[in-house]
Amino acid sequence: MKLTRNSFNTYGVQDGIQTVTAIFEDRAGNVCFRGTVLGDARTSVFEGAKLDLLSPQQPVIHSRLGCFNGQRFDWFKPAAVTSMGWVHEQITHQARNGDWWVGTGEGLYRFPAADHFSTVKTARPLNLYTAKDGLGSRQVFRLFEDSRGNIWISTTAQNRVGLARWESASESVLDLSQVPGLSPVKEDRPRSFGEDPAGNMWIGFNQGLARYAHGRFRLFTATEGLPPGKINNIHVDRSGRLWLASEESGLVRVDHPSAERPVFVSYTTSQGLSSNNTEVITEDDLGHIY
C-alpha cells in the first residue's frame, strides 16, 4: 500500500502480487521489495507468464525481488540465483559502500555496488558465501551491517542454526558459533541484531539476548531479568537505550546497555499494549517509540 496525499493506493492480486514481506529504497529513489508474485508452473506474470483467470487451478506462487519506479513494477529473480529460499524479511541489504547483499536458500550473494537495485537482475555476483566459507547453513535468516562495515549473518536449517560475520577488512566470513559466551544458545536461532552507541553488538534469540564486546559474548536470560519470549526486533533510540520487540513480553526497554547488568523494563497489555506479541519498533523525530 502507498499512502498518497488523500488516500491509500493498494497493489495486490489484481496487479500480480501475492505478498510483500520487505520494503526498502535504493539510492536511485526506487522503492524495492521482496515477496511473492503470481505466475504459471514455469515463471511469474512479470516475466512473461499468462494466467487463465477462468481456470479452476490456482496460480503458482514465485519468490521474487521487485522495484517500483512510481508507475510500474518490475519483479525478477537474479540470473545468478537458483533458489530464493523461504525467508524474505531482513535478508536484502545495501551496504555503506553500495554493494548489495541478497540472502537466499543457497547462501549469501554479494553483488557489485549500484544505485539501482534492479541491476542485480543480470549482475555477476562478486561472491557467493556458503557453508564452505563459514556459514552455518545455506538458508540465510537475517542480515545486519555494523558501524565498521561488517555484515552479521544468521542462518537456519532443519537441525542447525548458525551465526557468522563477514569481515570487511579481510572480505572473509568468520564462524562465531565457537566464540566464548554463546555455548548455551548454539541451537537457538539468532532473530534480530542491533548496535549500541558504544559499538557493542546485540543479538536477539528465541530464548535470550546476547551482547558481543571485546571478542566475547555475554548472554542474558531470565536469570538476569530478561522477560521471556523470542526477540523479533531490536531498536536503539536516540538516548542509547535498547528496545526489544518480544513475542511474549510486549515491548522491553534495556537501560544502561553497556553496564555489567543492564536493566530490563517490560511494557505489556497492563501498560496499554493491545497484545504482548510485538514485531517491529521504530522511532519518530520527537523520540516517540512506535
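Residues are listed down the side, and each one gets a yes or a no for (1) buried (at least 17 other Cβ atoms within 10 Å of the Cβ); (2) under 30 Å from Asn233 (Cα atoms):
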| residue | (1), (2) |
| --- | --- |
| Ala41 | no, no |
| Gln71 | no, no |
| Trp75 | yes, yes |
| Pro78 | yes, yes |
| Met84 | yes, yes |
| His88 | yes, yes |
| Trp100 | yes, yes |
| His116 | no, yes |
| Thr122 | no, no |
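Output the residues belonging to segment 21-39 that are among the basic types (Lys, Arg) and open to solvent by 50 Å² or more (accessible area, probe 1.4 Å).
So the first thing to find is which residues in segment 21-39 are among the basic types (Lys, Arg), and the list is 27, 34.
Hit for segment 21-39 is Arg27, nothing else.
Per the conditions (1) open to solvent by less than 10 Å² (accessible area, probe 1.4 Å); (2) within 22 Å of Val236 (Cβ to Cβ), the sole criterion not satisfied by Glu145 is (1).
For segment 170-189, a tally of residues being surrounded by fewer than 17 Cβ atoms within 10 Å (Cβ to Cβ) and either among the acidic types (Asp, Glu) or in contact with a Ser or Thr (Cβ under 7 Å, 6 or more places away or on another chain) (or both) returns 4. Among the residues of segment 234-249, are any at pLDDT below 95 and either more than 17 Å from Ala198 (Cα to Cα) or hydroxyl-bearing (Ser, Thr, Tyr) (or both)? Yes: segment 234-249 contains one or more residues that are at pLDDT below 95 and either more than 17 Å from Ala198 (Cα to Cα) or hydroxyl-bearing (Ser, Thr, Tyr) (or both). For segment 190-290, the strands (runs of 3 or more DSSP E) that sit wholly inside it and include 2 or more residues that are open to solvent by 40 Å² or more (accessible area, probe 1.4 Å) and touching a residue at least 12 places away in the same chain (Cβ under 8 Å) are 216-220, 263-267.
Residue-by-condition table, conditions (1) at pLDDT 95 or above; (2) under 27 Å from Phe141 (Cα atoms):
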residue: Asn6; (1), (2): no, no
residue: Asn30; (1), (2): no, yes
residue: Thr36; (1), (2): yes, yes
residue: Ala41; (1), (2): no, yes
residue: Phe46; (1), (2): no, yes
residue: Lys77; (1), (2): yes, yes
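Of all residues in segment 24-49, those that are polar (S, T, N, Q) have Cβ atoms under 9 Å from Cβ atoms of residues that are open to solvent by less than 20 Å² (accessible area, probe 1.4 Å) and outside any strand (DSSP E or B), 6 or more apart or on another chain, in Asn30/Phe117; Thr43/Ala49; Ser44/Gly16.
In segment 51-63, the residues that are loosely packed, with under 10 Cβ neighbours inside 10 Å reach residues that are in a loop (DSSP other than H, G, I, E, B) with C-beta atoms within less than 9 angstrom, at least six apart or across chains, in these pairs: Asp52/Asp40.
Here the condition is being in contact with a Cys (Cβ under 7 Å, 6 or more places away or on another chain) and either in a loop (DSSP other than H, G, I, E, B) or of a type outside the set (Val, Ile, Thr) (or both); of Gly29, Gly70, Gly66, Gly98, it holds for Gly66 alone. Are there any pairs, at least 6 apart or on different chains, whose C-beta atoms fall under 7 Å, with the first in segment 94-119 and in contact (Cβ under 8 Å) with a residue 60 or more places away in the chain and within 22 Å of Arg72 (Cα to Cα) and the second among the basic types (Lys, Arg) and open to solvent by 30 Å² or more (accessible area, probe 1.4 Å), and if so, which? From residues that are in contact (Cβ under 8 Å) with a residue 60 or more places away in the chain and within 22 Å of Arg72 (Cα to Cα), the pairs are Asp115/Arg27.
The values are calculated or read from the model by the stated rules, or taken from the named source; none is laboratory data. Remember, it's a predicted structure, so these values are computed and weren't measured experimentally. Here the Cβ is made from the backbone with ideal geometry for all residues, glycine too, and neighbour counts use every protein chain on show. Ligands, DNA and RNA are excluded from the accessible area calculation, which covers all protein heavy atoms including side chains. Shrake-Rupley method; radii C 1.70, N 1.55, O 1.52, S 1.80 Å.
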